[in-house]
Amino acid sequence: MPVDRPVEPWFSFLSELDAHLDQPADFHCIGGFVVSQHYGFGRETADLDVLSVLPKQLADWVAEIAGKGSLLQKKHRVYIDHVRVTNYPDGYERRLARVFPMWPKVRLWALEPHDLALTKLERSAERDIRDVMYLAQAGLIDRDTLIARFEAEMEPYITGRTPTWHRTTLNMWIDSCWPA
């Protein structure tokens, strides 16, 4: 379930990043950070995956100051990773939720749970499957909404692998999370 504040080292890392920024920056967050720090799944992650950093001209600077190999990463052992997820629900932006609004310049936005689950379809690694199962067991996603959103907002736009891969993976998740 959603939590009020990220645990250490995330809190200190993000506080320090906030101090380095000279203007507000919006981070569209996905991945294990959102599942663990916002939705409360007890798993660790060393990166904060973001689909986008806005304004866009800050993205390279954020990567330099807080990305992999940065001084902040060396100090806190966590980093921001601007991921290149190619398939995610169209219109996810209108469902973003502001999380941890304690910083004036670091503005974190978490994907809604169904959107978050669908970003994990393409890779579908073991940890992705566990994340999706957690979201389902916690009552944060439901079968019908997941299928409807995939069909309306993702399947028509899939790039890279064929839609068959995504559909097969989605069906596997449904069978695992909501057995008949």
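None of the figures in this text is laboratory data; all of them are computed from the coordinates on show. Model, not experiment: these values are computed from the prediction. Quick reminder, even Gly has a Cβ in these numbers, built from the backbone with ideal geometry, and neighbours come from all protein chains shown.
Count of lysine pairs in segment 10-177 with Cα atoms under 23 Å apart, counting only pairs 8 or more residues apart in sequence or on different chains? Walk me through the numbers before you get to the answer.
On the way: 56/68; 56/105; 68/105; 68/120; 74/105; 75/105.
The number of close lysine pairs in segment 10-177 is 6.
Net charge in the neighbourhood of residue 44 (other residues with Cβ under 11 Å of its Cβ; Lys, Arg +1, Asp, Glu -1) is +2. In order along segment 171-180, phi translates into HN-Hα couplings of 4, 4, 4, 4, 5, 6, 7, 10, x, 5 Hz, rounded to whole numbers, per the Karplus curve 6.51 cos²θ - 1.76 cosθ + 1.60 with θ = phi - 60° and x for Gly and Pro. For segment 69-75, putting each phi into the Karplus relation 6.51 cos²θ - 1.76 cosθ + 1.60 with θ = phi - 60° gives couplings of x, 6, 5, 5, 5, 5, 6 Hz, in residue order, rounded to whole numbers and with x for Gly and Pro.
Our coupling estimate for segment 124-141, obtained by passing each phi through the Karplus curve with A = 6.51, B = -1.76, C = 1.60 and θ = phi - 60°, is 6, 6, 3, 5, 5, 4, 4, 4, 5, 4, 4, 4, 5, 5, 7, x, 8, 10 Hz, Gly and Pro reported as x. Rounded to the nearest 5, the antiparallel percentage of DSSP beta bridges internal to segment 10-177 is 45%.
All other residues whose Cβ lies under 15 angstrom from that of residue 80 are scored, Lys and Arg at +1 and Asp and Glu at -1, for a net of 0. Given their separation in residues at 0.36 nm each and the Cα-Cα distance between them, residue 56 and residue 97 gain 12.8 nm when the chain is fully extended.
Rounded to the nearest angstrom and listed largest first, the equivalent-ellipsoid semi-axes of segment 10-177 from its Cα gyration tensor are 29, 16, 14.
With contacts taken as Cα pairs under 8 Å and at least 6 residues apart, segment 17-152 reaches a relative contact order of 26 percent. Modelled spin-label separation between residue 105 and residue 8, with each label point placed 7 Å from Cα along the Cα-to-Cβ direction: 2.4 nm.
What value does segment 102-180 have for Rg/Rh, both radii from Cα atoms and Rh as Kirkwood defines it?
On the way: Rg = 13.6 Å, Rh = 13.3 Å.
For segment 102-180, the value is 1.02.
Computed over neighbours whose Cβ is under 14 Å from that of residue 175, the net charge equals +2, Lys and Arg +1, Asp and Glu -1. Dividing the helix sum by the residues of the chain, where each DSSP H run of 4 or more adds -39500 (n - 2.57), gives a mean residue ellipticity at 222 nm of -11500 deg cm²/dmol. Under the 0.36 nm per residue contour assumption, what length would be gained going from the current alpha-carbon distance of residue 180 and residue 125 to full extension? Here the answer is 17.5 nm.
Once the Cα-Cα distance is subtracted from the 0.36 nm per residue extended length, the residue 172 to residue 77 segment shows a gain of 30.8 nm.
Amide hydrogen proximity for residue 30: with H placed 1.01 Å from N in the peptide plane, the residues at 5 or more positions away or on another chain lying under 5 Å are 49, 50, 51. Between segment 112-153 and segment 76-107, what is the C-alpha centre distance in whole Å? Each part reduced to its Cα centre gives a spacing of 17 Å.
Please list, in order, the residues from segment 111-153 whose amide nitrogen is less than 14 Å from a point placed 7 Å along the Cα→Cβ vector of residue 165. From segment 111-153, the list is 120-125.
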